[in-house]
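**Q** Sharing a structure here in structure tokens format.
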Protein chains: 2
Amino acid sequence: MTTTKATDIGTKTRDGRSTREAILEAASRLIHVHGYNHTSLDDVLRDSGVGKGNFYYHFKSKEELGYAILDQIIASFLERTLEPCFADPEGRALSQIRCFLDRVLEAQRERNCVGGCPLGNLASELSDVHEGFRARLAFVFAAWRERLTLALRTEQLRGAVDAACRPGAVADFLVASLEGAILLTKLTKDIAVMEQCVVEMKRYLSLFEPRV
Amino acid sequence: MTTTKATDIGTKTRDGRSTREAILEAASRLIHVHGYNHTSLDDVLRDSGVGKGNFYYHFKSKEELGYAILDQIIASFLERTLEPCFADPEGRALSQIRCFLDRVLEAQRERNCVGGCPLGNLASELSDVHEGFRARLAFVFAAWRERLTLALRTEQLRGAVDAACRPGAVADFLVASLEGAILLTKLTKDIAVMEQCVVEMKRYLSLFEPRV
DNA sequence: GGTTGTGTACCAACTGGTCAGTACAGATGA
DNA sequence: TCATCTGTACTGACCAGTTGGTACACAACC
């Protein structure tokens, strides 16, 4: 029973990567459910089947694990969520945003209103404790904002977005509204809140349809 | 030195109210700065000069202290923030909301972007852990929403708000946006975010000005 | 008016438990 | 045989909550 993990799973000991990945996998799952502070190291180790000495061989501290998880979430968000929505230079910004809103709404519905936004949750839980966490989270929100801004500005030059639109301000507002809507949905446990917010955000967006 | 508290401060022992108040005062200050989870009972006791046994004489648990603090914040919010803004039945809803937004922006500016919204902070910190906290927070946001809804509906009947406005949805969206904006401002430590969000919220409100 | 009884307010020291992090010995493989 | 991994047992800090007892105001009774 001693060396189960190493032999059973295979690449476990080989390159030293798998152990790290097993930890990351278990930790990101637990942290997503219980939050960073309420996930003890022992929980992560029990779940991943990794010993404590082993953990501290691969990570310097729990904080470093937290950074690794956060970097993972950020990378996934940037590549898997933001990129597919806003990468297409031919896509119409306003439609892309509307589509994005629908995707977020659908994600909330699937999760039954609970859980909230992984980034938003970590943001509010950690931003006022560890400066390192805050900085990373600020970075990803900035990236999100910038991508939105760029999409809007490009469309504006093309005449597909009204001149009254101030891309940076609109981007900030959209991000803020969405995070707030998710927070409120989590709090009230009522998907209707999210639905109504999305409708109103679309109504707001309609302000920037070019005049006919 | 033994009976300092009772004799020096005066009403301390008299009616049993002052000790409780000293605890509440210290706790609400600490919780506002560090959050509920990161405020240990010992911190509160050290700050208030109250012994531990004494604390448990006045409160059943740390959780009960949390509830007391939260009830205090809620009462203050309802009476001191919401009431003065939306109580006047003659006031024009849209102007009242704009005025309210300015007040929130000013408050953020004064606090130097940090701190965030006491209610929003607790909401994101506690809503997925303690059901009791979640329920109370949901209640106060519902009250806020209802007051906004009522103001908008009243104005709508009077013709001062456009028929396209769905008061409940608009109220949800305004609350969500505002909380999100505060959250994002805290995260980025940049008041410009808040300023731009307020501008955009006003632009959104302009959608409901009655057609001339 | 002094003794005795009673409830309130309070304190210091402690308990039981959790947690991040450490020490170290044993295994594994080049 | 030496460096790289890994598991077990431990440490010290911290934290919510408990305990047993003290200080004192106030009342009742003689």
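Each reported figure results from applying straightforward, stated rules to the coordinates on display, with no laboratory input. Predicted, not measured: the structure shown is a model, and the values here were computed from it. A quick note on method: Cβ atoms are made from the backbone with ideal geometry, for glycine too, and the neighbour counts reach across all protein chains shown.
**Q** Rg and Dmax of segment A:130-176, using alpha carbons, in Å: what are they?
**A** When restricted to the Cα atoms of segment A:130-176, Rg and Dmax are 12.8, 43 Å.
**Q** Quote the charge dipole size of the protein assembly as shown about the Cα centre in Debye, to the nearest 20; the model charges only the Cβ of Lys and Arg (+1) and of Asp and Glu (-1).
**A** Values: 56 positive and 58 negative charges, 15 e Å.
Computed about the Cα centre, the dipole is about 80 debye.
**Q** Please sort through the DSSP H helices of chain B and keep those with an alpha-carbon extent of at least 24 Å along the long axis and a Kyte-Doolittle average not below -1.0.
**A** B:17-34, B:93-110, B:131-158, B:167-188
**Q** So which trypsin sites (Lys or Arg not before Pro) in segment B:171-210 are both in a DSSP loop and have at most 16 other Cβ atoms within 10 Å of their Cβ? Working shown, then result.
**A** Numbers: sites: B:Lys186, B:Lys189, B:Lys202, B:Arg203; in loops: B:Lys189.
For trypsin sites (Lys or Arg not before Pro) across segment B:171-210 that sit outside H, G, I, E and B with at most 16 neighbouring Cβ atoms in 10 Å, the list reads B:Lys189.
**Q** Just want the ordering: A:Cys197, B:Cys113, from fewest to most Cβ atoms lying within 10 Å of their own Cβ. Don't skip to the answer; put the middle values down first.
**A** On the way: A:Cys197 29, B:Cys113 19.
Ordered from fewest to most neighbouring Cβ atoms within 10 Å, A:Cys197, B:Cys113 come out as B:Cys113, A:Cys197.
**Q** Normalising by the residue count of chain A, find the relative contact order in percent from Cα pairs under 8 Å and 6+ residues apart. Don't jump to the answer; show the numbers that get you there.
**A** On the way: 168 pairs, mean separation 40.0, N = 212.
Relative contact order here is 19 percent.
**Q** Principal axis lengths of segment B:70-206 from Cα atoms, whole Å, largest first?
**A** Reported extents, whole Å, longest axis first: 42, 34, 24.
**Q** Give, rounded to the nearest 20 debye, the magnitude of the charge dipole that chain B has about its Cα centre when Lys and Arg contribute +1 at Cβ and Asp and Glu contribute -1 at Cβ.
**A** Values: 28 positive and 29 negative charges, 27 e Å.
Around 120 debye, computed over chain B.
**Q** Assume the label is 7 Å from Cα along Cα to beta carbon: what separations in nm does B:Val129 have to the matching positions in the other copies?
**A** Its label point is 0.8 nm from the equivalent points in the other copies.
**Q** Something else about it: With a Förster radius of 22 Å, plug the Cβ-Cβ distance of A:Asp102 and B:Cys85 into 1/(1 + (r/R0)^6) and report the FRET value to the nearest 0.05.
**A** On the way: r = 33 Å, r/R0 = 1.52.
The value I calculate is 0.10.
**Q** Taking every residue in A:193-199, how many Cβ atoms of other protein chains lie within 10 Å of its Cβ, on average?
**A** Counting other chains' Cβ atoms within 10 Å and averaging over A:193-199 gives 5.
**Q** Also: Which distances in nm, rounded to one decimal and ordered from shortest, link the label point of A:Ala192 to the equivalent label points in the other identical copies, with labels set 7 Å from Cα toward Cβ?
**A** For A:Ala192, the other copies' label points sit at 4.0 nm, shortest first.
**Q** Give, in nm to one decimal, the length gained when the segment between A:Ala163 and A:Asp47 is fully stretched (0.36 nm per residue of separation minus the Cα-Cα distance).
**A** Roughly 36.4 nm would be gained on extension.
**Q** Further, regarding this structure: If you draw the axis that swings chain A onto chain B, which residue of A has its Cβ closest to it, and how far is that in whole Å?
**A** In residue-and-Å form, the answer is A:Gly180, 1.
**Q** Could you give, in nm with one decimal, how far B:Cys99 is from each other copy of that position, shortest first, with labels 7 Å out from Cα toward Cβ?
**A** Between copies, matching label points for B:Cys99 lie 4.5 nm apart.
**Q** Mind running the shape call on the protein assembly as shown? Use the C-alpha gyration tensor, a ≥ b ≥ c as the square roots of the eigenvalues: rounded below 1.5 for a/c, prolate if a/b tops b/c, oblate otherwise. Don't skip to the answer; put the middle values down first.
**A** Numbers: a/c = 2.29, a/b = 1.08, b/c = 2.12.
Since a/c reaches 1.5 but b/c is at least a/b, the shape of the protein assembly as shown is classed as oblate.
**Q** Still on this model: Starting from the Cα gyration tensor of segment A:128-212, take the square roots of the eigenvalues, sort them a ≥ b ≥ c, and report rounded, prolate or oblate (rounded when a/c is under 1.5, otherwise prolate if a/b is larger than b/c, else oblate).
**A** Judged from the Cα gyration tensor, segment A:128-212 comes out oblate (a/c at least 1.5, b/c at or above a/b).
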